[in-house]
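> First the structure, which I've put down as structure tokens, then a few questions once you've had a look.
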Amino acid sequence: MGTVRQHGGAGIMILMLMVLLMVGYLATYALYRVTTGGHERDQTTRLLAIASEALDQFAAANARLPCPADPTIDTGLEAPATAARCSFDGGTIPWKTLGMNHDDAIDGWGRKLSYRVYDGNAGSLTQPSGVSMVECDTVEPTAGDKTAVASSLGGLCVSNADYRLRSTLDTVFLAGKGLTLTDFGTVHNDVAYVVISHGATGLGGYTVSGARLDLPTGGGDERDNTSDAGAFMIRAFSDPDTAATVNTHFDDLLVYRTLPDLVQRARLSARDWPET
């Protein structure tokens, strides 16, 4: 009887040991997934900040934003179609045009950073002086107006050598311009540009060789973030166990700049021009 009890106790101890080993394995695996994903996300967040700073500096130096690059090749050059429209609205960051290092245009998972910029009918931000409000007036007794818009070209502050005749209000210049983006529930309709990493899955993104990965299968927020003009979404990441094929899956990282913020950062803000 004592021998049977000893064998039973040994069996229970072995079972408990196996359970503890399994729990330890699962904990280690979960920690590995979290720390690995965290490192790549941290790296991508840093790269997005570099891209955003490069875009701000380009706007300050050129009074406009660059067009996206052709995502299927790796020249890193912007690809305008006309003075006010871009050839690849759904393209990638033009790292060479911006003076960035090539590696800084690749996210932590080894895929190109996507880039979207407003070049719509209210006045493209990629045209000459597209982000300049220097000749706009903050205090104007008349209604004021901006230059005529034709195929995205125009919508600028009315220029005049006589500063007393500069009558475009800053609000008139800004009206209707910008991409739409929701940032944790706050909707912005005046976004100048968005830079996107499509996360660990990379769905909808481009490899360095120029191949596009499959689009998100659902119609959720990740699918919206692959479109040419949005609306774009920033929200909490989905649970690590949420399948990439589910609409609620979300692992994208984005950085953006509103047009008023960009103009201020580029030191291209409107001013109160004298009326007489």
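The values are calculated or read from the model by the stated rules, or taken from the named source; none is laboratory data. Here the structure is a predicted model, which means the values were calculated and not measured. Glycine gets a Cβ as well: all are built from the backbone with ideal geometry, and neighbour counts include every protein chain shown. The accessibility values were calculated without ligands, DNA or RNA, using every heavy atom of the protein model including side chains. Shrake-Rupley method; radii C 1.70, N 1.55, O 1.52, S 1.80 Å.
> Which of the lysines could a cross-linker span from LYS96 if the Cα-Cα distance has to be under 25 Å and same-chain partners fewer than 8 positions apart are dropped?
Hits, sequence-local ones excluded: LYS112.
> Further, regarding this structure: Leaving out same-chain residues fewer than 8 places away, which lysines sit with a Cα under 18 Å from that of LYS177?
LYS146
> OK, next. Modelling each spin label as a point 7 Å along the Cα-to-Cβ direction, I'd like the ASN247/ALA49 distance in nm, to one decimal.
Distance between the two pseudo-spin positions: 3.6 nm.
> Treat each spin label as a single point 7 Å out from the Cα along the C-beta direction, and report the ASP272 to THR171 distance in nm.
The modelled label-to-label distance comes out at 1.6 nm.
> With P(r) over Cα pairs in 5 Å bins from 0, in percent in mind, check (1) 1, 6, 13, 17, 19, 17, 12, 8, 5, 2, 0, 0; (2) 1, 5, 11, 15, 18, 19, 16, 9, 4, 1, 0; (3) 1, 6, 11, 14, 15, 12, 9, 7, 5, 4, 3, 2, 2, 2, 1, 1, 1, 1, 0, 0, 0, 0, 0 and report the label derived from this structure.
Answer label, from the structure shown: (3).
> Round to the nearest 0.05 the FRET efficiency obtained for ASP162 and GLN57 when R0 = 35 Å and r is the Cβ-Cβ distance.
Once the sixth-power term is evaluated, E becomes 0.65.
> Roll a 1.4 Å probe over the protein chains and send me the accessible area per residue for the range 82-128 in Å².
Per residue, the range 82-128 has 33 Å² of solvent-accessible surface.
> Take every Cα pair under 8 Å in the range 132-275 that's 6+ residues apart, average their separations, divide by the length, and report that relative contact order as a whole percent.
Normalised by residue count, the contact order of the range 132-275 is 28 percent.
> Continuing with the same structure: Rolling a 1.4 angstrom probe over the protein chains, ignoring ligands and nucleic acids, what is the accessible area of TRP95 in square angstrom, nearest 10?
40
> Return the carbon/sulfur percentage of the accessible area of the range 164-276, one whole number, probe 1.4 Å, all protein chains in place.
Its accessible area is 51 percent carbon and sulfur atoms.
> Additional query: So what is the relative contact order for the range 67-201, in percent, with contacts set as C-alpha pairs under 8 Å and at least six apart?
Relative CO of the range 67-201 lands at 21 percent.
> Also, quick follow-up: Under the rule of at least 5 residues apart or a separate chain, name every residue whose amide H is placed under 5 Å from the amide H of CYS86.
Under 5 Å from the amide H of CYS86: ALA81.
> Still on this structure, I have one more. Give me the net charge for the shell around GLU135: Cβ to Cβ below 15 angstrom, other residues only, Lys and Arg +1, Asp and Glu -1.
-1
> Here's another thing I want to ask about it. May I ask you to compute the full-extension gain from THR75 to ASP228, defined as 0.36 nm times their residue separation minus their alpha-carbon distance, rounded to one decimal in nm?
53.1 nm
> Let me ask you something else. Accessible area per residue, 1.4 Å probe, Å², for the range 162-260: what's the number?
Per-residue value: 43 Å².
> What size of dipole, in debye to the nearest 20, comes out for the range 165-276 about its Cα centre when the only charges are +1 on Lys and Arg C-beta atoms and -1 on Asp and Glu C-beta atoms?
That gives a dipole near 500 debye.
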